[in-house]
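All remarks here apply to the structure that follows.
Laboratory data are not the source of any read-out in this text; all were calculated from the coordinates shown. In this text, all values refer to a predicted model and were calculated from it rather than measured experimentally. Don't worry about glycine lacking a Cβ; one is built from the backbone with ideal geometry, like all the others, and counts go over all protein chains shown.
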């Protein structure tokens, strides 16, 4: 489990609902539950600060970390997509991004590709990415954040003259592979669900175990954000495994959420100069906020 990716999961699941800032000692303790060493946490933090994903504040001899606007956008977009309810019908529009970067900006181009893939876009040629989802605001924000206005153009079109809708989907995404990966997720977490149910019935689920299980399933489910474009249901294949995977994710999440938040609160330490008013109901059940 990569420390940086796990950190994004913890910020999105918990920290953002508790003022968005955390003492590094608390973060180290939380990451320790997943076998991540203190040195690995500090190394990941340093790299994230250098990449403008985290901010640091010093108070006395303690350091407190929060996400930057760039990192916050990544967290917010991830949370929205993990917990949103997919649309049933497509609005008929393709969002099309084209770009052209000089060779000296190759690293920036690669970063933009990662961002687009994360957002759910599919690449249909080397410099052309498309999505059937209404992502205009997110893409414009990305363009402005990376200051690439002179290199990228966003279009919206209701028709593709040369190709069918299905051929565009086949060119940009491999939904069969995604479905098979959902099946693996379902097989693994179906057994986990039965195990947790049994422990819940015998009152043997600890807060710590619930924190670990909630964080793990969110962390694993988040990986599909790089693979599943989150299509409206009328563009998906019949018997799409993602629907069953989502129901399983929801069931486990709801079972362990309250004890998981209790464990987080037992470790979390905010900065002494900051009055934190937890949004506990959202930390427990982000599903209450539905994006359609």
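The C-alpha atoms of the chain define a longest principal axis, and helix 175-201 lies at about 20 degrees to it. Here is the P(r) of region 174-265: all C-alpha pair distances, binned every 5 Å from 0, give 3, 13, 24, 21, 15, 11, 8, 5, 1 in whole percents.
Could you grab the relative contact order for region 93-157? Cα pairs under 8 Å, six or more apart, rounded to a whole percent.
Averaging sequence separation for qualifying contacts and normalising by length gives 56 percent for region 93-157.
Using C-alpha pairs under 8 Å with a sequence gap of at least 6, the mean separation divided by the residue count of the chain gives a relative contact order of 29 percent. Placing pseudo-labels 7 Å out from each Cα toward the beta carbon at residue 194 and residue 285 gives an inter-label distance of 2.8 nm.
Computed from label points 7 Å out along Cα-Cβ, the spacing between residue 106 and residue 262 is 5.4 nm. Across region 1-123, Cα-Cα pairs farther apart than 19 Å form 57% of the total.
Measure nothing but the geometry: give the 0 to 90° angle between the long axis through the Cα atoms of 136-146 and the longest principal axis through the Cα atoms of the chain, rounded to 10°. Approximately 70 degrees, to the nearest ten. Of 7, 255, the sequence from fewest to most neighbouring Cβ atoms within 10 angstrom is 255, 7. With Rh defined as the Kirkwood radius, the inverse of the mean 1/r over Cα pairs, the Rg/Rh of region 93-157 is 0.92. Reducing region 179-197 and region 215-250 to their Cα centroids gives an inter-centroid distance of 12 Å.
The residues 178, 130, when put in order of fewest to most other Cβ atoms within 10 Å, stand as 178, 130.
Give the peptides 24-30, 270-276 in descending order of average Cβ contacts within 10 Å, highest first.
Details: 24-30: 19.1, 270-276: 12.7.
Top to bottom by mean Cβ count within 10 Å: 24-30, 270-276.
With a ≥ b ≥ c taken as the square roots of the eigenvalues of the C-alpha gyration tensor of the chain, please select rounded if a/c is under 1.5 and otherwise prolate if a/b is larger than b/c or oblate if it is not? Cα axes put the chain in the oblate bin. By how many degrees, 0 to 90 and rounded to 10, does the Cα axis of helix 241-267 deviate from the longest principal axis of the chain? Between helix and principal axis, roughly 30 degrees.
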